[in-house]
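What follows is a short report on a single structure.
The values are calculated or read from the model by the stated rules, or taken from the named source; none is laboratory data. Remember, predicted model here, so these are calculated numbers, not experimental data. Backbone-built Cβ (ideal geometry, glycine too); neighbour counts: all protein chains shown.
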Amino acid sequence: MTRVGVLGPGGVGGVVAARLARAGHEVVIVAAERTAATIAARGLHFTGPEWSWEGALEARSSLVEPVDVLVIATKAMDLPTALQRVPSGLLGGTVVVPLLNGVDHVPYLRAMLPGVEVVASSISVEATRHRPGVVEQVSGFCDVGVSLAGGGGQRWAGLAEEAGCAVTTFPDDATVLWRKLSFLAPLALLTTSAGAPIGEAIRLQPGAVGPIVAEATTAAAAFGVRVDPDAIEQRLRALPEGMQSSMLKDLIGGRAVELDAIAGPVIRALGSDRAPATVGAVRAILGREAPS
């Protein structure tokens with residue numbers, strides 16, 4: 001049994017926590033005071049397309065004892081504040097696994113946690129936190145990518161497999177991060193700029209799909225990661241029509257959206273003049289955020 005801390009039990013963090021607990025591992029939730037108190041009192045409730053699970057979990061507003069693995073599943077912009085809940089002195093032998101959107105969080109964590117092994121990893125799953133401690137996995141898939149550049153990657157890959165996720169390993173960090181972002185950026189930008197699920201978003205702006213995908217995959221190539229743009233576009237068009245990105249859900253819910261984490265790496269890699277479709281989508285999203 002592995003002791004796993006989960007920092008940020010939102011949609012993704014809640015899914016990971018429930019899956020690991022169901023697999024028999026000791027899970028410790030670390031969250032804001034009210035969320036931690038709710039989960040400590042009422043437990044975690046998970047529903048998914050194939051099974052449901054509920055149970056009592058240790059939940060705290062700050063980590064007080066070491067864990068073997070720390071999964072970080074916060075929003076990218078919330079990472080600096082959330083990290084204050086896990087004292088670095090407790091992480092000496094911990095494998096830290098961030099499941100955040102974007103690519104900048106891995107070097108940031110390594111700078112903030114010197115000497116701690118940070119494993120580049122990604123997760124693809126549609127999940128929703130309905131309220132504190134109540135999460136739903138909407139998608140039939142839970143796909144995890146893991147970099148084996150360090151020794152901790154194999155350990156995390158084994159845990160993710162035990163949790164029932166489909167795991168793919170890669171030899172380096174850039175491939176893990178950019179393979180996800182080259183799909184996530186088009187999905188998030190298309191749905192959120194249109195204010196609609198992916199099927200309707202593609203119908204509303206058919207000419208935007210190819211350019212946004214091309215820019216994301218060209219940005220990935222700048223970091224040595226080759227991704228087939230045709231395969232990404234086909235994957236987008238094959239998604240369930242009602243699928244919403246987490247960015248669209250945040251916009252609808254009146255929460256801050258992860259524009260810099262998701263669109264920022266593409267624009268910085270190419271320059272705004274070579275990423276007009278991405279820049280245009282960002283401007284459309286900013287317009288939707290503006291008060292009426």
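Determine, yes or no, whether THR81 is in the same structural domain as LEU159 (by TED's automatic domain parsing), free of Cβ contacts under 8 Å to residues at least 12 places away in the same chain and at negative phi. So THR81 fits the description; yes. Going through (1) touching a Gly at 6+ places or on another chain (Cβ under 8 Å); (2) in contact (Cβ under 8 Å) with a residue 60 or more places away in the chain one by one, VAL119 falls short only on (2).
Of THR218, THR175, THR191, THR169, all but one fail to be touching a helix residue (DSSP H, G or I) at 6+ places or on another chain (Cβ under 8 Å) and surrounded by 20 or more Cβ atoms within 10 Å (Cβ to Cβ); the exception is THR191.
Checked across segment 56-64, the condition of being buried (at least 24 other Cβ atoms within 10 Å of the Cβ), closer than 24 Å to VAL138 by Cβ, modelled with pLDDT of 95 or more and not small (Gly, Ala, Ser) holds for no residue.
The condition (being without any contact (Cβ under 8 Å) to a residue 12 or more places away in the chain and in contact with a strand residue (DSSP E or B) (Cβ under 9 Å, 6 or more places away or on another chain)) is satisfied by just one residue among GLU136, GLU161, GLU126: GLU161. Close Cβ contacts (under 6 Å, 6 or more residues apart or on different chains) running from residues in segment 12-37 that are within 19 Å of LEU90 (Cβ to Cβ) to residues that are assigned to a helix (DSSP H, G or I) comprise VAL27/ALA17; VAL27/LEU20; VAL27/ALA21; ILE29/ILE39.
Considering only residues in segment 122-144 that are among the small types (Gly, Ala, Ser) and surrounded by fewer than 23 Cβ atoms within 10 Å (Cβ to Cβ), the one that is farthest from ALA188 (Cα to Cα) turns out to be GLY140. Criterion applied to PRO9, PRO49 was being buried (at least 24 other Cβ atoms within 10 Å of the Cβ) and on the phi < 0 side of the Ramachandran plot, and the one residue passing it is PRO9. Those helices (runs of 4 or more DSSP H) of segment 137-217 in which 2 or more residues are closer than 23 Å to ALA127 by Cα and either in contact with a Leu (Cβ under 6 Å, 6 or more places away or on another chain) or among the aromatic types (Phe, Trp, Tyr) (or both) occupy 173-194, 198-204.
Determine, yes or no, whether GLY158 is within 21 Å of GLY11 (Cα to Cα) and modelled with pLDDT of 95 or more. Here the answer is no, as GLY158 does not meet what is asked. For the criterion of being within 22 Å of LEU286 (Cβ to Cβ), more than 16 Å from the chain's Cα centre (by Cα) and not basic (Lys, Arg), THR192 passes.
So for segment 239-246 (the condition being over 16 Å from the mean Cα position of the chain (by Cα) and part of a helix (DSSP H, G or I)), does at least one residue qualify? No, segment 239-246 has no match at all.
So which of PRO197, PRO114, PRO107 ends up being within 23 Å of ALA76 (Cβ to Cβ), surrounded by fewer than 24 Cβ atoms within 10 Å (Cβ to Cβ), in contact with a Ser or Thr (Cβ under 7 Å, 6 or more places away or on another chain) and of a type outside the set (Ser, Thr, Tyr)?
On the way: PRO114 fails: in contact with a Ser or Thr (Cβ under 7 Å, 6 or more places away or on another chain); PRO107 fails: in contact with a Ser or Thr (Cβ under 7 Å, 6 or more places away or on another chain).
Answer to the check: PRO197.
For VAL97, state whether it is part of a strand (DSSP E or B), under 20 Å from the mean Cα position of the chain (by Cα), surrounded by fewer than 20 Cβ atoms within 10 Å (Cβ to Cβ) and in contact (Cβ under 8 Å) with a residue 12 or more places away in the chain.
Values: part of a strand (DSSP E or B): yes; under 20 Å from the mean Cα position of the chain (by Cα): yes; surrounded by fewer than 20 Cβ atoms within 10 Å (Cβ to Cβ): no; in contact (Cβ under 8 Å) with a residue 12 or more places away in the chain: yes.
For VAL97, the condition - part of a strand (DSSP E or B), under 20 Å from the mean Cα position of the chain (by Cα), surrounded by fewer than 20 Cβ atoms within 10 Å (Cβ to Cβ) and in contact (Cβ under 8 Å) with a residue 12 or more places away in the chain - is not met.
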